[in-house]
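A short reminder: the numbers here are calculations on the coordinates, not readings from a lab. Note that the coordinates shown come from a computational prediction; the quantities given were computed from them, not determined experimentally. Here Cβ is always computed from backbone atoms with ideal geometry, including for glycine, and neighbour counts include all displayed protein chains.
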Amino acid sequence: MTNGEHRKLKISCLRYNPQEPGAAPRMQTYELEEADGMTLFIALNEIREKQDASLQFDFVCRAGICGSCAMMINGRPGLACRTQTKDLPASFTLAPLPVFELIADLSVNTGKWMRAMSERLQTWVHMKSAEVDLKRIEERMEPELAEEIYLLDRCIECGCCVAGCGSARMREDFIGAVGINKIARFRLDPRDARTDGDYYEVIGDDSGVFGCMSLLACHDVCPKDLPLQTQLAFIRRKMAALGWK
Ligand code: SF4
Ligand code: F3S
Ligand code: FES
């Protein structure tokens, strides 16, 4: 506020620890005074330090890099460390991301989901030769191509795109925009031995590209502004050209 007064915030957090026998989900509201430049990271830490040490949530980098602080912020997936309270109403809700395994309160196990997706899609470079060729590893890549790969590599695996996706909520095995983005990234990599057919084989069903209903929430909520819409459309076009339907 411009006159030096700060708002009184009411933050309602979903509380539930599935490990606690007999526990049931409930909302708990905390009140605190907003401070200049306050992020949800600061607000939640203040609540934990001064009001309730039992509130569980995750943060590592506080800088939008690790992806661990993603949660539902007033019903929309986002990074708590990059969200300022001034951009929210004085009363708002926080809840854990859906789809992912709940650890407790606002903390979910995105790592388990991401690991399973990554193993399924084999999201690593499959070298063309079994022997490691150091010269090839150091080979220069065209700057434009390196830039294109870098753009897609900026995914921090926060899970926001999955949490915001209707298909992911309906199908447990749906790979989400994060998975489709990984395929788009590896098919660009000249060091990867896989063919387009190999990539599309693993995403050519309803748990992959064909499960996507073009809802595009993924694109809207990605905190790294990845061009998810473009990648989805591109992969679909490429698959159609190869006869996938
Ligand atoms: Fe998060 Fe965007 Fe990566 Fe999805 S694509 S996991 S929203 S950074
Ligand atoms: Fe989901 Fe994004 Fe497709 S929100 S349905 S993956 S366009
Ligand atoms: Fe790392 Fe928010 S704490 S992205």
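Quick look at the values:
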{"read-out": "Potential lengthening between Ala35 and Gln51 on full extension [0.36 nm per residue; Cα-Cα distance subtracted]", "value": "4.1 nm"}
{"read-out": "Rounded if a/c under 1.5, otherwise prolate or oblate - the range 34-94, Cα gyration tensor axes", "value": "rounded"}
{"read-out": "Nearby lysines by direct alpha-carbon distance to Lys128 (threshold 24 angstrom, same-chain neighbours under 8 apart not counted)", "value": "Lys182, Lys238"}
{"read-out": "Spatial separation of Cα centroids for the range 66-126 and the range 184-221, in angstrom", "value": "21 Å"}
{"read-out": "Trypsin sites (Lys or Arg not before Pro) within the range 156-187: DSSP coil, no more than 16 neighbouring Cβ in 10 Å", "value": "Arg171"}
{"read-out": "Partner aspartates and glutamates for Lys86 [C-alpha distance under 19 Å; skip if fewer than 8 residues away on the same chain]", "value": "Glu5, Glu31, Glu33, Glu34, Asp36, Glu46"}
